[in-house]
Amino acid sequence: MLCIGAAALLSSCSSGSAKKGKGNNISVTTGWPLNDKRFGGFEVANYQGQQTPIGMVFVQGGRFVKGITDDEMPTVENNDQRRVVSVSSFYMDETEVANVSYREYMFWLQRVYGADYADIIVREKPDSTVWRSALAYNEPYVRNYFNMAAFDWYPVVGVNWYQANDFCLWRSDRVNELLAIYAGALKPNATQSADDNFNTGTYLNGQYEGTQGSHPHRDLDPNGAGVRPLRLSDGVFLPDYRLPTEAEWEYAALGLIGNNPSPENKRRRGEEVETDRNIYPWGSKNTTRYGLHNQYQGEFEGNYMRGKGDAMGVAGGLNDNGFYTTPCKSYLPNAFGLYNMAGNVNEWVMDTYRPNSNMDVNELDPFRGNHYQKLKLQDDGTIEEKDSTGRLIYVDVTDADIAANNRYETRTGNLNSYRDGDSLSNVGYDYGRNSLINDSTKVYKGGSFADRQYWLSPGTRRFMQGNLSSCTIGFRCIMDRMGSQDGDNQPGGNSFGRQKNHKR
C-alpha cells in the first residue's frame, strides 16, 4: 500500500543517490581529471544504482505469452490474441493505491491550489456516487468509503483514467522534492501555493528555486556561482511514476518468475525455463482456492463474485470474506510480491483500447496510445515560462515535425489508432455511431469483487471511457527501471568472469 513516510523513504531511496568518490575521477575518453574545479569541473557521479521506491516491488522483465490463457478460442471479442512479447524491468506498487494515499493527494491540492484554483480540487476528487445502484442501498458507501478511517487501507475507487495519471504526476514531484531535501539541496516549504510549488521539470529547467538547503551541491564549474541546483546526472532524482502498460500489468500479474524451477540466485545463474502457463496470478493451478495441505487449505485467494448473488458465502463460513472491497493487503501476493492482481478492484492501465491491438503489436514493450509531445519554446528558442499551476507547458508534435524527421515510422504524432482505426487500416470506429471506441477509450484489467472468475485471468481485458469511473476500478503505479535489468544494480549483459561490480 502506498504511504509516503520521510524516514521510510530515506531508507528506501537515499542509498541510490550518487556520491563523488575515488575510482570515478579520470575520463576514460581524454584522461582529464573529473570532478576537479582546477581542470574545468566536469562532474560524473559515482552512481550506486536505482533503489526500490517505497511501497513498490521490483518486477524483473522478460518474455511471456501475452493474451488469454484459459481454454477458449483465441479470437474471443475484446480479448488479446496470444502473442510472444518481452517487457523491460520496472517497479510496481505492491498494492492498489489506497484511500489514505489519495486523500494525501487531495490534501496537498487543497493546500497549494485551494485559494486560487478550486476547480482543480473538484476535478481531481473521486466520484463517490459510483457506489449508487438503482435497486440497491449503498448510501453508506457514498458518504463514507473515501473519507472514513475504517476504509483507509482499502483501494480508492471512483477515480477515472485521467485522475489516475494526474496522481502519478503529483507523486513523482513529491518524492523527488523530498529526495532533494534529503540531499541538502532544498529546505521543506510548507507554504507553497499556486505556481510556486516544486515540480521536477521546472526545477531542472531553472523555473523553481525554493529555499536553498543546508548542504547545497557544490558547483565545480570555474565560471559557476559556487553552488548549483541538482541535475539528473547527480543520481538523486527518481524517474516518473506512471500507470503500467497493458503488457506490463499482465506480465506482472502472471508472476511467471514463480514458474521457473531454477531461478537465478547467488549460487546459480538460472535457466530460461517455465514449467506452466498461469491461469491466475497465484500460480499454475487452475483454481481460486489455496491448495497446500494446512489450516488454510481451501480458502479463497481473491475477492470476486462466486455466483449469482453470492458475494462472500454464508455466515460462519465466509468464502472470500469480503462483501465489496477488502483491504489492499488481503490474500496472498503473487510470485513478484504483488497483492490483488486478481479480484478486489479492476485497475486502469495506460493503453488506449482497440479490439485488434494484439494482431500487429510491437514485440518489445508493446503499447497503444503514444501521443508525442514536446516542450513549448519561445521565439528565441528558450523554454516557455511555466503555467499558472507551476508545470512546464507541452505542445503536440505536429505532422510537420514528423515530416521533417525521417526517423519516425509514422506520419503523425498521435498513434492511438495506428494500424487499427486510422487511414492505414480498413477499420472505422466512428464513436457514437458505429462504436463506443475513440482515443479516450482506455483498458482496465484484473477483475473485481463484482466479477465472476473468468475476469480474474490476467489476459482478459475490458474498456471504458477514460473520463468515467466505477466502484469496481482502482489503479496502481509503476516506475521504469533505469540501467540494467537486474534488481541488484549489477551491470547489464553477461560478465564471463569479470567482476560483477565493474561499472565502466
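Amide H contacts for D351 (H built 1.01 Å from N in the peptide plane; partners 5 or more residues away or on another chain; cut-off under 5 Å): E246, V443.
For the stretch 243-396, what relative contact order do you get, as a whole percent, if you take Cα pairs closer than 8 Å and at least 6 residues apart?
Relative contact order, the stretch 243-396: 20 percent.
Relative contact order for the chain: 20 percent, from Cα pairs under 8 Å spaced at least 6 residues apart, divided by residue count.
The separation of the stretch 314-335 from the stretch 390-455, counted between C-alpha centres, amounts to 36 Å. Note that the stretch 467-484 has calculated 3J(HN,Hα) couplings of 8, 9, 9, 8, 6, 10, 10, x, 6, 9, 9, 10, 9, 5, 8, 9, x, 5 Hz, one per residue in order, obtained from phi through the Karplus relation 6.51 cos²θ - 1.76 cosθ + 1.60 (θ = phi - 60°); glycine and proline are x.
Read-outs: derived from the displayed coordinates by stated rules, not from any lab. The model shown is predicted, which means the values in this text are computed figures rather than measured ones.
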